[in-house]
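The structure appears right after this line, and notes come after that.
Every number here is computed from the coordinates shown, using simple stated rules; none is lab data. Fair warning: this is a prediction, and the values are worked out from it, not measured in the lab. When we count neighbours, we look across all protein chains shown, and the Cβ atoms used for this are built from the backbone with ideal geometry, even at glycine.
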Amino acid sequence: MTWYWDPKKRRFVDSRGNALSESEIRQAVDEYVQSVQENIDSKVAEYAAGTITAAALFAWMDEELTAMHGAAGSIAYGGLEQMTDREWRRIEDKLTEELIYLRNFKDDVHASALGAEEISPVGISARGQMYAEAGYSEYLGQVKARESDAGATMVRRVCLEDAASCDECVMLASDDYVPLDQIVDIGDATCLSNCRCHYEFNYEGIEPLSLTAQEIFAPAGVQ
């Protein structure tokens, strides 16, 4: 099925106007993150087998994570066709932080090869997959920026209290809305990039979303 971006609703819709819910999009982003993690595990296996060098592995991970952040972030804005320099700069700011972590990890692996504390292929894969987890928070961060651009000023964090939730996530979740600049960003709690919380925005007084807020954030499968 082909999906189109509706800039008024800021949602993906099909040819009949049926919209994807936010929960469906989050699930799709999470599945994409998992596919990147599988790719990382496969590439680390090549490194462990001696097929590629550490330099080649980290060059590949740099490209893979860069592409992932670009894809996850642009989904929040409706896809590549909707992107402007402003949105790309926002994604680049987050990506720059992540690539610094990756390059520091590359130095750790290099030091390990020279006799420092050993880092096994399993450890390399686990840490690489942890960096990939940030694709989810990239998407949610750009959703927050997008809704701020549209005029939203109040938001709350929602925690499902599942296996991915830490105690801080549960504490930060609330029925009350707070100003956008006071909310703790997804990915900044104790569980870091493992976080799978999400935002809900207060659209009262903001047209047209004040009339359709329940529809926009309906559970998956509910239109």
Residue 14 versus residue 170: modelled label distance in nm, points set 7 Å from Cα along the beta carbon direction: 3.9 nm
Highest-fluctuation residue, 171, 61, 83 considered, GNM on the chain with Cα pairs under 10 Å: 171
Degrees separating the helix 134-149 axis from the principal Cα axis of the chain, which is the longest one: 30 degrees
Residue order, fewest to most surrounding Cβ atoms within 10 angstrom, among 77, 177, 4: 4, 177, 77
Residue among 115, 205, 78 with the largest mean-square fluctuation in a Gaussian network model of the chain, springs linking Cα atoms under 10 Å: 115
Degrees separating the helix 121-132 axis from the principal Cα axis of the chain, which is the longest one: 20 degrees
(1) 35, 19, 15; (2) 32, 22, 14; (3) 72, 17, 12, with the label sought being that of the calculated semi-axes √(5λ) of the Cα gyration tensor in Å: (1)
Expected 222 nm ellipticity per residue - DSSP helices of 4 or more, -39500 (n - 2.57), all of the chain, to 500: -17500 deg cm²/dmol
Cα long-axis angle, helix 85-113 against the chain (0 to 90 degrees, to the nearest 10): 20 degrees
